[in-house]
Amino acid sequence: RTSRRRPAVTWMTALYTAKWQAELERALAAAVSRAIRERSSDPIRRVGGLLLSAAEVHRSQRVGESEREPAPALLVSLQSELTAASVHTADATLAFDADDRATSVACLRSALLSLSAAQASADRALQELIDAGAPTSRAGYLRSLPELLPAPVSASAWRDEWPELFAENLRMTGQEVDESKDAAWAAKHESVQKWTEKLAGDIGAIIALGAPREEAEAYVLLTSKRFAMARRLRERDPKYAASTFALTDAIVAQSTRQAAAGVVAPALFYNLRGLNSLVRGDPSWDRITLPDNTGFRGVCSSALCAADCGTSAEAFSEKGFCVYHREPDGSISFPAQDSPVVKFESAPEDEHGLHTAVMVKEGVYGVFPPNTLFRLQRIEPPGWRAPNGAEVQQPLYVVSATYRPSRPLGANGTETGGKMCAAAMTLTYGGRAAFVEGLDGLLPLKPPLTMAQEFSRCSAWTDWKGARYTLEQEWDYVMGPSVPRPGCTAGHRDPGREGVTPAGYLKIATDYISGRRADAPLLSLDEVLAVRLYSGPAFQPINTFLRQLAALSGEHRTALARHPGLSFAATCRHLSAAVRKLAAVATDDELAMPLYRGVRGELRKNFWMPDEQGMVVATDTAFMSTSRARSTPLAYMDDGENVLWELQPRRESDAAFHCGADISMLSQFGCESEVLFPPCTMLVVSRRDGGHSHAPAARAETAQNRHGEDDGEQHGKNYEGEGAVAAGGEGRAGGDDAGVGASQANQPEHQIPAAGRAMAAVGGKSEAGVADESQAWRSRSWRAEHATEAGKRFVVVAAQPCFV
């Protein structure tokens, strides 16, 4: 042992004697026995490989707050030795065992297994040692309820769940600890009928607001059982799915009636912590003040949120919000809670969803349904005046809300061209699910390599004009001073920037952001380098990686995302963070300018059929480049069919970002005026009437058109949504890589899943019939027009971009 290893060896020896001896000796005996049975030509290395493949990395108790156990460092050293031994085994086998093919094959396969085990162990150790990156802003928020829980078979199915729901909620609220009061007891003594009669007055009040009796009974009975439903929803447990749907449907239906009646919800208030608090309903409320990596602060609440108008004398005191409480002797009190107060501000419905509280008792209180996204808009200091006149000495957290209707209403992508105009083939896009998952659904939070390591690998590619590049060359260029160069595939590289270093570009980015908003998060050096890399030829392997990743799922996706020879996870993480920070400081003038993106080819014939949310969307899981100049993508279109996306940016909403990042100040080719969007950007096609995709009229029309059709249509739509955009040769300056992963368009029919082939016969309709209905939807509902310009034919599709 070298002196460098002695402290680790001493520590390991003590731990071995105390804890590991029996376990390690059993593992060693098993490995030796197997090596003997296999008659390995190198038993020592074989035993080492078997031990390593079965090893798990453990973390012991820390001696200090920042001190880690030396075991991972020792493990890494052993892995390096094993890797070197495996390589030596392979070389020696080829050199000396050429005449014994069987032995050579066995030894080489053994070496591969050892290397695989070493890689897996190193990856586990890495996950223990590195810190997780911040999750993508709002990733996973705004999933519709059917994406979280299975829809019930009937509207009254919640009644079957009532006994168990009642018993569980009783235990959660601490009202009863008697274990004998289970579901059977509740079915006998606390039936739906009993509580319907007991709460007849409250049910009648809801009916008076226009609700059907079934809906009113569901709302009144289930509201008091929200804690158990919220816990199951957080855990994605369908145990109370029917109850959750019934409660949410009742609230959303009343929201529609409220809007039709012209009722405007006032500001509502509730205590964040303390008795019957928001945190008690959903613990995630406790983190509402913590920002993500783009400054977003919010929570998607799994529980129904009820709040008070605050006008009564008992609502507030100087000490805080006063909560209605029934004492053990049956008396009523209103104790003030020593807690920040949350103020809920309502807003009109828009294309992103519903934003208003539902006033169950006008002038008294209102509610928001489960699965509502609340965004913290501002924090007001103590001393604000409550509606009842009290001067409250608690902080005031002002939030807005967004929720959606709960019910369903109504080939590997290899980059071979420029960034801004896709290849000529039928295009299929990812659906809303890819948008909801966001970047965290594609990439690991802890990338296996650094960005510098990703660009140190031996990899080369050619662009659409035949120019050849390597990862190492691109990294060396962005790490050094800029060298202007005319005549590149994309034009003039870094004109007027000779000698600018990475530190110089970091200062450019810092001045750019600070000059627009003093409190905005600044770019790191890695984020600046990521933008510089992507704006040059390196966009091609980066987007190819993302598209191929999107075509996979499960363990296969994870394996590619973490593969040390293929992953660009670190680069994509840095670049996505840069896009969000730059997008957050866009000016009003920039938001008023439309963006254009060209696609060579045509959309699938069923593209215009609205999905279960009443929306027509296209989600690109690679980075998406756009231009402010309409002529730029037109220049790269073919003589055949083309698509021109006309995107209308908007200021960031509670639900998502709606504008890309102007990267021209850092781009190697600033003349492109490139506006970049991150992976999983969703394009929501605009309606002709200017309405919203989830509006009741749209839902009714969708439901009417689908009534009586079999499941083939929905399966076909799901298949298309999961398919990736077909990508191919592109012209650099006109629109980005319009695709994600493998297209099904060019596959033989026998290779396409039955769900995909079902689109050929939807509800007994022929493929031509589906196409006709889709085109009818396009002409009737969506902003898409045929055009001819500069000798090119294309369909102009108006859409709004969204990313989380």
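The values are calculated or read from the model by the stated rules, or taken from the named source; none is laboratory data. Computed from a predicted model, the values in this text were never measured in an experiment. Cβ coordinates were reconstructed from backbone atoms using ideal geometry, including for glycine residues, and neighbour counts include every protein chain displayed. SASA here: full protein model, heavy atoms, side chains in, ligands and nucleic acids out. Shrake-Rupley method; radii C 1.70, N 1.55, O 1.52, S 1.80 Å.
Tabulated values for the structure
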read-out: Subset of region 557-571 that is under 16 Å from the mean Cα position of the chain (by Cα) and either small (Gly, Ala, Ser) or crowded, with 21+ Cβ neighbours inside 10 Å (or both) - its residue that is nearest to Leu676 (Cα to Cα); value: Ala569
read-out: Selection count where residues are over 20 Å from Ala452 (Cα atoms) and assigned to a loop (DSSP other than H, G, I, E, B), scope region 467-480; value: 1
read-out: Residues located in region 583-625, provided they are within 19 Å of Arg688 (Cα to Cα) and of a type in the set (Val, Ile, Thr); value: Val616, Val617
read-out: Every residue from region 312-326 that is assigned to a loop (DSSP other than H, G, I, E, B) and either open to solvent by less than 40 Å² (accessible area, probe 1.4 Å) or in contact with a helix residue (DSSP H, G or I) (Cβ under 6 Å, 6 or more places away or on another chain) (or both); value: Ala315, Val323
read-out: Residue count, region 327-366 (criterion: part of a strand (DSSP E or B), under 30 Å from Val617 (Cα atoms) and touching a helix residue (DSSP H, G or I) at 6+ places or on another chain (Cβ under 9 Å)); value: 4
read-out: Residue match in region 223-236 (condition: open to solvent by 10 Å² or more (accessible area, probe 1.4 Å) and more than 17 Å from Ala303 (Cα to Cα)); value: no
read-out: Failed item in (1) in contact with a Leu (Cβ under 6 Å, 6 or more places away or on another chain); (2) open to solvent by 20 Å² or more (accessible area, probe 1.4 Å), with Pro594 passing the rest; value: (1)
read-out: Condition check for Ser284: under 17 Å from Val399 (Cα atoms) and either open to solvent by less than 20 Å² (accessible area, probe 1.4 Å) or assigned to a helix (DSSP H, G or I) (or both); value: yes
read-out: Which listed residue, of Leu575, Leu552, is within 17 Å of the chain's Cα centre (by Cα) and modelled with pLDDT of 95 or more; value: Leu575
read-out: The listed residue being on the phi > 0 side of the Ramachandran plot, open to solvent by less than 50 Å² (accessible area, probe 1.4 Å) and modelled with pLDDT under 75, out of Gly431, Gly438, Gly413; value: Gly438
read-out: Residue list for region 264-281, restricted to those being surrounded by 18 or more Cβ atoms within 10 Å (Cβ to Cβ) and at positive phi; value: Gly274
read-out: Scope region 367-382; condition in a loop (DSSP other than H, G, I, E, B), open to solvent by less than 50 Å² (accessible area, probe 1.4 Å) and either closer than 23 Å to Ala261 by Cα or modelled with pLDDT of 95 or more (or both); matching residues; value: Pro369
read-out: Condition broken by Arg171, with the remaining ones in (1) out of contact with any helix residue (DSSP H, G or I) (no Cβ under 8 Å at 6 or more places or on another chain); (2) open to solvent by 60 Å² or more (accessible area, probe 1.4 Å); (3) outside any loop (DSSP other than H, G, I, E, B); (4) over 19 Å from Asp237 (Cα atoms) satisfied; value: (4)
read-out: Residues being open to solvent by 10 Å² or more (accessible area, probe 1.4 Å), among the small types (Gly, Ala, Ser) and out of contact with any Ser or Thr (no Cβ under 8 Å at 6 or more places or on another chain) - total across region 654-675; value: 0
read-out: Any hit, region 631-650, residues being over 27 Å from the mean Cα position of the chain (by Cα) and either closer than 18 Å to Asp588 by Cα or among the aromatic types (Phe, Trp, Tyr) (or both); value: yes
read-out: Extreme residue, modelled with the highest pLDDT, among residues of region 609-633 that are more than 24 Å from Pro541 (Cα to Cα), open to solvent by less than 10 Å² (accessible area, probe 1.4 Å) and of a type in the set (A, V, I, L, M, F, W, C); value: Val616
read-out: Answer residue from region 355-364, given it is buried (at least 19 other Cβ atoms within 10 Å of the Cβ) and over 8 Å from Ala401 (Cβ atoms) and is nearest to the chain's Cα centre (by Cα) among those; value: Val358
read-out: Some residue of region 636-643 being under 28 Å from Arg573 (Cβ atoms) and among the acidic types (Asp, Glu); value: no
read-out: Residue in region 126-147 that is farthest from Gly438 (Cα to Cα), counting only those that are at pLDDT 75 or above and surrounded by 19 or more Cβ atoms within 10 Å (Cβ to Cβ); value: Leu145
read-out: Output for region 578-607, where each listed residue is assigned to a strand (DSSP E or B) and within 24 Å of Arg532 (Cα to Cα); value: Leu595, Tyr596, Arg597, Gly598
read-out: Exclusive hit being out of contact with any His (no Cβ under 8 Å at 6 or more places or on another chain) and farther than 18 Å from Asn388 by Cα, set Val323, Val358, Val342; value: Val358
read-out: Of residues in region 529-553 being outside any helix (DSSP H, G or I) and of a type in the set (S, T, N, Q), the one least open to solvent (accessible area, probe 1.4 Å); value: Ser535
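Per-residue answers, yes or no, for (1) closer than 20 Å to Leu443 by Cβ; (2) part of a helix (DSSP H, G or I); (3) touching a Leu at 6+ places or on another chain (Cβ under 7 Å); (4) open to solvent by 10 Å² or more (accessible area, probe 1.4 Å):
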position: Lys465; (1), (2), (3), (4): no, no, no, yes
position: Pro486; (1), (2), (3), (4): no, no, no, yes
position: Gly496; (1), (2), (3), (4): no, no, no, yes
position: Val500; (1), (2), (3), (4): no, no, no, yes
position: Lys507; (1), (2), (3), (4): no, yes, no, yes
position: Asp511; (1), (2), (3), (4): no, yes, no, yes
position: Asp526; (1), (2), (3), (4): yes, yes, no, yes
position: Glu555; (1), (2), (3), (4): yes, yes, no, yes
position: Arg573; (1), (2), (3), (4): yes, yes, yes, yes
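Yes/no matrix, rows are residues, columns are (1) acidic (Asp, Glu); (2) under 16 Å from Phe374 (Cα atoms); (3) open to solvent by less than 20 Å² (accessible area, probe 1.4 Å); (4) modelled with pLDDT under 95:
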site: Cys309; (1), (2), (3), (4): no, no, yes, no
site: Ser333; (1), (2), (3), (4): no, no, no, yes
site: Val341; (1), (2), (3), (4): no, yes, yes, no
site: Glu349; (1), (2), (3), (4): yes, yes, no, yes
